[in-house]
Structure formats: structure tokens, C-alpha cells
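What follows is a set of notes on a single structure, which appears directly below.
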Amino acid sequence: MRHLGYALFFVGCLVTSPVFAQSSFKFAHISDTHIGGAVTAAEDLRNTVKDIDADSSLKFVIITGDITEFGADAELREARAILDSLNKPWYIIPGNHDANWSESGANSFRTVFGSETTTFQYGGYLFAGTACGPNMRMGPGQVPRENIVWLDSVLDHLPRKDMPIVYMNHYPQDSAQNNWYEAMDRLKRHNIQLILCGHGHNNHLLSFEGVPGIMGRSNLRAKDTVGGYNIVTFSQDTVYYQQKRPAQPLGPVWAKAALYDHHFSSDTTRYYRPSFAVNAEYPDVKKLWEYQARSDMGTGNTLQGKWVIGTDTDGWLFALDSRSGRKAWSFRSSGKVYSTPAVAGRLVVFASTDKNIYCVRAGHLVWKFETGKPVVAAPVIGNGTVYIGGSDGHFRALDLSTGRLRWDFAGVKGFVVDRPLIYGENIYFGCWANDFYALDKRSGRLVWKWNSGASNRMFSPAACWPVAAHGRVFIVAPDNVMTALDAGTGSVIWRQRAPGLRVRESMGLSEDSTLVFVKTMDGVLIGVSTTDPTLNIAWQSDVRLGYELSPTRLLENKGVLYVPTQSGTALAVTRDSGKPLWRYKASNCMVNGILPVGEGKVVISTMDGKMTCITLHATQVRP
């Protein structure tokens, strides 16, 4: 039985529902089911559902994320079919596995389950849950901007200001999420009493800035013979957790915590918050303007004349005046957008998770092309043709002027998220099935296909934007291996790990095509020779960034290398020496793009829906 009221704005039900605390009630807490991952995942969940259905004392069920292994549509539908067998209300939120590798751009979770947030009341408590990210871009977790806006609306319309709150998120509420403090600060202005999470796959009693927290175990059996979940009891202002394995006796209480109003408004404890002190180190770098969307920005930006073209996960394509940040025009699709726009003259092309590829001129639709599934890849335009991959197993070439299909390659095994590379007579792209393709750009004929040989699709060369020089195509992947392929044949020229370093998807080509810049997971910037017979680090910066996962591309422009980070800081180093020119922290969330927009101006976009334009001193513009 699915409870339907959770997904919608719920002012009416909050106002009319009586608020009083029941002396005792019980519910089930399931987490980390990973349907589509472990061989036993579906069986483990069926066993848990059957066990819960047999217990009439349980009033409802909460499921705290990582419902699937890969966020695939088929996995989500299978999970839904199993959970629909529950004979009591259930409430669900996504985890990082449901969002980061999603073929639908995390859109199908909303389609299958109705929402990515949940809220309901029981026993005088308000339960509220949000998504955790990271959505479609590898990095630390992040409560999506639209979920923060949603949480504001929930908290602003409580029937009583002192109503006790239970908050749910897949991640622990600490710096494992880039913006954990945005949720915590809001909750602590109210009567937050308990936080429930998953993610760690084990049972743990925790504390988040003085708020009791409980991490529930994974439902997977792992090395056991059966999976498991937790039965939660609220009684006499105390919460009790007991582990339950299907068809086995209830385990002893392994965690308990007092439930009470912490009165955080009078709490003088200073908790860690991100520092923006780095901005004071470069006083000549100044913020010219800032734009804040109501949802995430899951892509980079593109320049079209004086306009900065961006997108957000509320479906909008928009243009901001690069001089003032004023919105010049906008166009809305009906799905989340994770597709960095491409520009040709007055035309802008992008794709949406509503299954369409769009061409827009100054906010007006020129044409759209419908595909079989949501599209999360970026287009590239060359000689009047739009090239773009899909989530439906297709890679297409469309006429830029009319949107007419020129050719369609239907042999893609996984879904595509990168921006394809036009090089010579071919077009190159990767996918989330460990494959990398070269197609004839005129006919769509398969020229060659290379497979990494990885057994895990999460090691696919999918998220990097490939680059090419001197007859070679270069890619990096989450397996920490960099590969140089012969552009004509696909044969491996070299495939190596950087000595003592872990390469990842963040890369870019130098302006003179002699180096492939790579940002490593260790926070080291290196330049790999494009001509040597093996991986040769021919350039290295002294800058150290710390642990880094962000896949955002590196960009050299006029002798300056622009470097994004996973925690909202953009920096620039000289191409020649690698010495820093400036740093600027625009946010604490992942940088999706750094875009020079004229002499002395740079636009930084971050995942939390923020676009910031900074001005630079003359000495910081060029080396």
C-alpha cells in the first residue's frame, strides 16, 4: 500500500491534522536495497516485505535510499513492484546510487515513486526526507537545491512551531555532503529531534551536531544467509532500534536515544562550517554579480555573444547578460536538464530528461526531436550537424537548421553522458557500459569500438569529455587509468596509471595540443604528453587541491588553465609554470563550469544552482 499524500505540497493536511504524541508506535526502517546489484538483492527485499507484512504492529515503513545499484529504469520498476506488496504505508527517498549513474538524470525516480522528497505525520511527529545527490556528477553528496527550497516550504508551514521533527536523508548529516549545513541550520531553527540515514550498510548510533542520528543497515544479506532491516519503536520520548532478519526472532535493542527539544536557538556551540577565507587572499578578485536558481545546475555554461547560456534541473534553459547577470530570456523543458548547451550562431541546442533534444533561438523553440528515453548527454555542433548520444541505445546526427534526422547509430550498449568529440572524419564518445566508440561523422557507420575490459560498469570511460591530438584520442576513467587510443583504428597506444597518482575524469587539452591536462583524485594537476610512446608527465603544477572527484573539464584559455573543484572553489594557474594566479570560492558545492567571458571576467557555475561572475586584476588575466 503506497501512501500518496507525501509527494505534494501539504499545507492543507498539516493545518487540519491533529497534533498529539502517541505513547508508543512502531515502524520499519529499510535501507540500501541495491536492486540490480547483488544477485540476491531482489530476493532479500521480497523476504523483508513479506516479514513486515506479517507484523501488524508496524504502522508504516521508511526506505532511506540506494534503492537500486545503478539508477536504471528497469531496476527502479523492479523495486517498485516488490515494495507495492507492502500492506502498510511506505515512504521512500533516493540515495547516491539512484542518482549519480542514472540513465534518466534522476528523473525516473520521480516518475516511478512520485517524488524524490517525502513528508508525513505520525504520532505527533513530522517526518521529512530529501534526496542526497550527487546527481549525475561524481563528487560528495549534496541535497539538491530544489529540495532545500522544498524543505523551506515544509518548515514554514508547520501547524505548531515546536512540532517535533524526524529528518531523513540517505547520507549522514556531516561533511560527506557538501551542503549538509544548509539542511542542519534550517532544521535547528525548529524542533529537530532525530535524524535517520543509510549509506554505511551497517547499524550505527550517531550524533549530528547534538541531534541523535541512527544509520540503518543495508537490507542485503552480504555474507549472511538472509538480509535484514530494523524495527523502530517510539515510546515515552525515546527511540529504540532492533535488528530484524526475515523469519527470525527480533534482535535485542542495539540503539536508543532520547527524543526532546534541544532548543538550538540558545545553543552557543560553534559547529564546523565551510570557510570562504580564501577569497580574502586574492582581494583583487571581486564578485561582479551572482545568479541563484531555485534548483540545481547540473551542467556547464556556454557563451553566446554577450549572453551566458545555462540550464537547471527545473528544466530551464536561460541566458544571462554577462555584464549584469540580468536574465535576457528563458525556455523551459518539462524535465531535469544535465546537458551542457551547444551554440552555433543564434541557435542553442540542449537536451532534457523529458526525452527531447531542443533547438532554441532567443528563448523561442526552433525545433525539437523526441527520443525513446531521457537524454543526459551534451551535444556538439559541427558543419551544420548536431551530434548527441542518448539513454535509449542511440547516437544521432541531426540537421542543425531543421532538426531532421541525418543518421542514427542504434548500437550503443549503455547510456551516454559526455560531450562527443569531433576529430578528423570521426566522432568519438563513451558510455556507461565500458565501451568507447568511433563513428564516421558523415554516415554514422561504426569505425571501431574499444572496451576497457572492466567487470564493473562504474569504471566506464563515460563521464570524461575525450580530447584528441596527433592522431590519438585520450580518455580517463574511474578505474584511475588513462588511455591513449589510435584515432583511426582504436588500437591501444598506451594504457597506464600515473605513477603514485590516481587520474579521474577531469581533463582537458592544452591550447597548443602538446599536453592533456588531468586533475587527479589526489588534487595534483599534471600535463601528459600527447606524443610520447608511454604516459609521460611532462608538466606538473605545485598547486595541491586535496581529495578531488569532480569530473568537470579543465580549460586552457590564453595561457591560463582554469581548474574546477568539488567544493565550490575555482582557480587559475599559469600554463607555463603551473603557479596559481587566483582562487575564488563561490560556493561549497561542485563547480560545473568555469567560463571566461571577456577580458578580466570569468563566470563560475556550481551544482547548487549558483552562477557567479568575478572580475580579475590585469595581472591575473594573463601570465
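Closer than 21 Å to G568 by Cβ and either assigned to a strand (DSSP E or B) or open to solvent by 40 Å² or more (accessible area, probe 1.4 Å) (or both): does that describe S324? Answer is no for this residue. With respect to being closer than 30 Å to G251 by Cβ and either touching a Phe, Trp or Tyr at 6+ places or on another chain (Cβ under 6 Å) or at pLDDT 95 or above (or both), L155 falls outside the description.
Of all the numbered requirements in (1) assigned to a loop (DSSP other than H, G, I, E, B); (2) open to solvent by 40 Å² or more (accessible area, probe 1.4 Å), Q566 misses one, and that requirement is (2).
Consider L206 carefully, then state whether it is open to solvent by 10 Å² or more (accessible area, probe 1.4 Å), at pLDDT 95 or above, more than 21 Å from D98 (Cβ to Cβ) and in a strand (DSSP E or B). In short, yes.
If you go through the stretch 505-543 and pick out every residue that is in contact with a Leu (Cβ under 8 Å, 6 or more places away or on another chain), open to solvent by less than 30 Å² (accessible area, probe 1.4 Å), in contact (Cβ under 8 Å) with a residue 40 or more places away in the chain and not small (G, A, S), you end up with 9. Here D314 clears all of (1) more than 26 Å from Y584 (Cα to Cα); (2) open to solvent by less than 60 Å² (accessible area, probe 1.4 Å); (3) not hydrophobic (A, V, I, L, M, F, W, C) except the condition numbered (2). If you take the residues in the stretch 392-440 that are open to solvent by 20 Å² or more (accessible area, probe 1.4 Å) and β-branched (V, I, T), which one is nearest to the chain's Cα centre (by Cα)? For the stretch 392-440, the residue satisfying everything is I422. Within the stretch 441-486, which residues are open to solvent by 10 Å² or more (accessible area, probe 1.4 Å) and in contact with a Gly (Cβ under 6 Å, 6 or more places away or on another chain)? If the condition is that a residue be open to solvent by 10 Å² or more (accessible area, probe 1.4 Å) and in contact with a Gly (Cβ under 6 Å, 6 or more places away or on another chain), then W448, W450 are the ones that fit. Quick check on K610: is it surrounded by fewer than 22 Cβ atoms within 10 Å (Cβ to Cβ), at pLDDT below 95, more than 23 Å from V467 (Cβ to Cβ) and in contact with a Ser or Thr (Cβ under 9 Å, 6 or more places away or on another chain)? So K610 does not fit the description; no. Here K368 does not fit the description of being open to solvent by 10 Å² or more (accessible area, probe 1.4 Å) and closer than 22 Å to P134 by Cβ.
Only helices (runs of 4 or more DSSP H) whose full extent lies in the stretch 70-115 are considered here, and the ones with at least 1 residues that are open to solvent by 10 Å² or more (accessible area, probe 1.4 Å) and either of a type in the set (S, T, Y) or more than 16 Å from Q142 (Cβ to Cβ) (or both) are 73-83, 107-113. Comparison of T299, T268, T233 shows that the only residue that is over 30 Å from L347 (Cβ atoms) and assigned to a loop (DSSP other than H, G, I, E, B) is T268.
The values are calculated or read from the model by the stated rules, or taken from the named source; none is laboratory data. The structure displayed is predicted, hence computed values, not measured ones. As a convention, Cβ positions derive from the backbone with ideal geometry for all residues, glycine included, and neighbour counts pool all protein chains shown. Each accessible area value is taken on the protein alone, full model and side chains, heavy atoms only, with ligands, DNA and RNA left out. Shrake-Rupley method; radii C 1.70, N 1.55, O 1.52, S 1.80 Å.
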